[in-house]
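Undergrad: Starting off with a structure, shown below.
The values are calculated or read from the model by the stated rules, or taken from the named source; none is laboratory data. Everything quoted here is computed from the prediction, not taken from an experiment. Neighbour counts are summed over all protein chains in view; Cβ atoms, including those assigned to glycine, are modelled from backbone coordinates with ideal geometry. Ligands, DNA and RNA are stripped out before the accessible areas are found, and what is left, the full protein with its side chains, is counted by its heavy atoms. Shrake-Rupley method; radii C 1.70, N 1.55, O 1.52, S 1.80 Å.
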Amino acid sequence: QQPVQSPQAVILREGEDAVINCSSSKALYSVHWYRQKHGEAPVFLMILLKGGEQKGHEKISASFNEKKQQSSLYLTASQLSYSGTYFCGTDYGNTGKLIFGQGTTLQVKP
Amino acid sequence: GAVVSQHPSRVICKSGTSVKIECRSLDFQATTMFWYRQFPKKSLMLMATSNEGSKATYEQGVEKDKFLINHASLTLSTLTVTSAHPEDSSFYICSASQGAGEKLFFGSGTQLSVL
């Protein structure tokens, strides 16, 4: 039931864009996105609920395609502070319990 | 914003001893908390759902007698790793939300090293 993230790793230069995908084989109620820096706790980015909405948070936005059971996270004009590992967490029945993908490591270089 | 506090942040213990990790929601009541385990450069693996006033719900493959969870109040859940062995060494992290469908707030994690 673990969602599948792609790519596994991305290396960018400052100012470049990136897309991280999260796919589930099971119907989703919601998708959560978190970023984790080494040795720290994951930090919440956004939640997307069933209904196909798209959300934005400064230069980070995300979409949720309920039909395809997929979510994508868009990072535009990346900054050095965007470096870290991005996880999508899936909730299959509005239980609050999240199953996380394997993570995507993003490295932004100057 | 809501805060989840986790202690200790790091513990080193001898094989065979038990270790207790505390997770507190500081400014909200959490009827449900979640315990995750993370290996280096790996994903967060859900271990169990801690339910206030009732038994925890464990994920498949997680030994409930090994990882004892107690959720005695609306703000405190504890994870006790009993008779710890080197293979139990890992990063343990708790989380809580203010309700189903709400974002998870994570504790700062506990790095357990069993010698």
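Undergrad: With a 10 Å cut-off between alpha carbons and a GNM built on chain B, which of B:Ser43, B:Ser90, B:Ser25 moves the most?
TA: B:Ser43
Undergrad: Using each residue's phi in the stretch A:85-95, evaluate 6.51 cos²θ - 1.76 cosθ + 1.60 at θ = phi - 60° and report the 3J(HN,Hα) Karplus result to the nearest Hz, with x for Gly and Pro.
TA: Per residue, the Karplus-derived 3J(HN,Hα) values read 10, 9, 10, 9, x, 10, 10, 8, x, 6, 9 Hz.
Undergrad: With a sphere of radius 14 Å drawn around the Cβ of B:His71, what net charge do the other residues whose Cβ falls strictly inside it have (Lys, Arg +1; Asp, Glu -1)?
TA: The answer is +2.
Undergrad: If you don't mind, there's one more thing I want to ask. Filter the trypsin sites (Lys or Arg not before Pro) in the stretch B:4-90 to those in DSSP coil with at most 16 other Cβ atoms within 10 Å of their Cβ, and list the result.
TA: B:Lys14, B:Lys41, B:Lys42, B:Lys55, B:Lys64, B:Lys66
Undergrad: What percent does the relative contact order of chain B come to when contacts are Cα pairs within less than 8 Å and at least six residues apart? Could you put the intermediate results ahead of the total?
TA: Working: 290 pairs, mean separation 42.1, N = 115.
Once normalised by length, the contact order is 37 percent.
Undergrad: Right, another one. Taking the Cα centre of chain A as origin and charging only Cβ (+1 Lys, Arg; -1 Asp, Glu), how large is the dipole, in debye to the nearest 20?
TA: Using only the charged Cβ atoms, the result is roughly 200 debye.
Undergrad: In square angstrom, rounded to the nearest 10, how much accessible surface does B:Phe39 have for a 1.4 Å probe?
TA: 80
Undergrad: Express the C-alpha Rg of the stretch A:33-110 as a ratio against the empirical globular expectation 2.2 N^0.38 Å, rounded to two decimals.
TA: 1.12
Undergrad: Taking 25 °C and 0.890 mPa s as the conditions, I'd like the Stokes-Einstein D for chain B in µm²/s, using the Kirkwood hydrodynamic radius from alpha carbon pairs.
TA: 175
Undergrad: List nothing, just return the count: lysine pairs in the stretch A:20-110, 8 or more apart or interchain, with Cα separation under 24 Å.
TA: Lysine pair count for the stretch A:20-110: 19.
Undergrad: Hey, another quick one. Apply the Karplus curve 6.51 cos²θ - 1.76 cosθ + 1.60, θ = phi - 60°, to the phi angles in the stretch B:69-80 and return the couplings in whole Hz, x for Gly and Pro.
TA: Result, rounded to whole Hz: 10, 10, 10, 7, 9, 6, 10, 9, 10, 10, 10, 10.
Undergrad: Build a GNM of chain B with springs between Cα atoms under 10 Å: which of B:Gln98, B:Gln60, B:Gln38 gets the top mean-square fluctuation?
TA: The residue that fluctuates most here is B:Gln60.
Undergrad: Another one. Heads up, I need the accessible area for A:Ser61: 1.4 angstrom probe, whole protein in place, Å², nearest 10.
TA: Accessible surface of A:Ser61 is approximately 30 Å².
Undergrad: Can I ask one more? Which one of B:Thr78, B:Thr57, B:Thr31 has the biggest mean-square fluctuation once chain B is modelled by GNM with Cα springs under 10 Å?
TA: B:Thr57
Undergrad: Just report the Cα centroid separation between the stretch B:43-115 and the stretch A:64-98, whole Å.
TA: 23
Undergrad: Are there GluC sites (Glu not before Pro) in the stretch B:9-115 that DSSP puts in a loop and that have at most 12 other Cβ atoms within 10 Å, and which ones?
TA: Taking the stretch B:9-115 and a limit of 12 other Cβ atoms within 10 Å, the loop GluC sites (Glu not before Pro) found are B:Glu63.
Undergrad: Taking +1 at the Cβ of each Lys and Arg and -1 at the Cβ of each Asp and Glu, which of A:Leu75, A:Asn94, A:Gln36 sits farthest along the dipole of chain A towards its positive end, judged by Cα position relative to the Cα centre?
TA: The residue sitting farthest along the positive end of the dipole is A:Asn94.
Undergrad: Excluding same-chain residues fewer than 8 positions from B:Lys20, which lysines have a Cα within less than 18 Å of its Cα?
TA: B:Lys55, B:Lys64, B:Lys66
Undergrad: In bins 10 Å wide, starting from 0, what share of all Cα pairs of the protein assembly as shown does each bin hold, as a percent?
TA: 8, 33, 35, 19, 5, 0
Undergrad: Which percent of the accessible area of the protein assembly as shown is formed by carbon and sulfur heavy atoms (probe 1.4 angstrom)?
TA: Reported share for carbon and sulfur atoms: 49 percent.
Undergrad: Output wanted: per-residue J couplings in Hz (rounded whole) for the stretch B:104-115, from phi through Karplus 6.51 cos²θ - 1.76 cosθ + 1.60, θ = phi - 60°, x for Gly and Pro.
TA: Each residue of the stretch B:104-115 in turn: 8, 9, 9, x, 7, x, 10, 8, 9, 10, 10, 8 Hz.
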